[in-house]
Amino acid sequence: MQIVIYSHEAEQEQFHRWIDSYEMLAFRQIQYSCCDNYDAFLRKLEQGLADLIIISINGADGMEGVIAARKLQPKAKLIWLSEDKAFGPQSYRLNCTYFAVKPITKELLKQAITCCLRVS
């Protein structure tokens, strides 16, 4: 499973720990690609297919990341985590698999990933 994470560095480390602890992913080989800036994120999306993309960048920058992810990886499951609940309708229009408002907790991320695994 290829997971691309677009967030700040401190969140990336937390996401790794949480995802690695989920029993539902215990027997999957997970490869992480992490980016903390938009240009690196675009390069990563252009390099190959992602199974799951997690975007946890606030504001319009996060929305631009979602738009790029949808355009470059249209079949990937997409989790968008934002500080602004007003992006919820936009997440629906951009066909996000899961949208949530920060703060991010271990349970919230687990729920998002579980939702993504159920969607075929």
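The values are calculated or read from the model by the stated rules, or taken from the named source; none is laboratory data. Note that the structure is predicted; figures quoted are calculated from it, not measured. Quick reminder, even Gly has a Cβ in these numbers, built from the backbone with ideal geometry, and neighbours come from all protein chains shown. Heads up: the accessible areas ignore ligands, DNA and RNA and are worked out on the full protein's heavy atoms, side chains in. Shrake-Rupley method; radii C 1.70, N 1.55, O 1.52, S 1.80 Å.
The dipole here belongs to the chain: it is taken about the Cα centre, uses +1 on the Cβ of Lys and Arg and -1 on the Cβ of Asp and Glu, and is about 520 debye.
Quick check on segment 58-105: take the gyration tensor over C-alpha atoms, sort the square-rooted eigenvalues as a ≥ b ≥ c, and tell me if it's rounded (a/c under 1.5), prolate or oblate.
Working: a/c = 1.78, a/b = 1.55, b/c = 1.14.
Prolate shape, in that a/c is at least 1.5 and a/b is the bigger ratio.
Decide, for the chain, between rounded, prolate and oblate: order the square roots of the alpha carbon gyration tensor eigenvalues as a ≥ b ≥ c, take rounded if a/c falls under 1.5, and otherwise choose prolate if a/b is larger than b/c, else oblate. It is rounded, given that a/c, with a ≥ b ≥ c, falls under 1.5. Contact order, relative form, for the chain: 24 percent (alpha carbon pairs under 8 Å, 6 or more residues apart, mean separation divided by residue count). Just the number, please: carbon plus sulfur as a percent of the accessible area of segment 75-120, 1.4 Å probe, no ligands or DNA/RNA counted. Ligands and nucleic acids excluded, carbon and sulfur give 53 percent. In the context of the full set of protein chains, residues of the chain present 56 Å² of accessible surface per residue (probe radius 1.4 Å, heavy atoms only). Distance from the alpha carbon centroid of segment 87-114 to that of segment 1-71 works out to 13 angstrom. Run the helix sum for the chain: -39,500 (n - 2.57) per DSSP H stretch of 4+ residues, divided by residue count, reported at 222 nm to the nearest 500 deg cm²/dmol. Result for the chain, helices only: -14000 deg cm²/dmol. When a 1.4 Å probe is rolled over the protein heavy atoms, the share of accessible surface on segment 1-72 that falls to carbon and sulfur comes to 47 percent.
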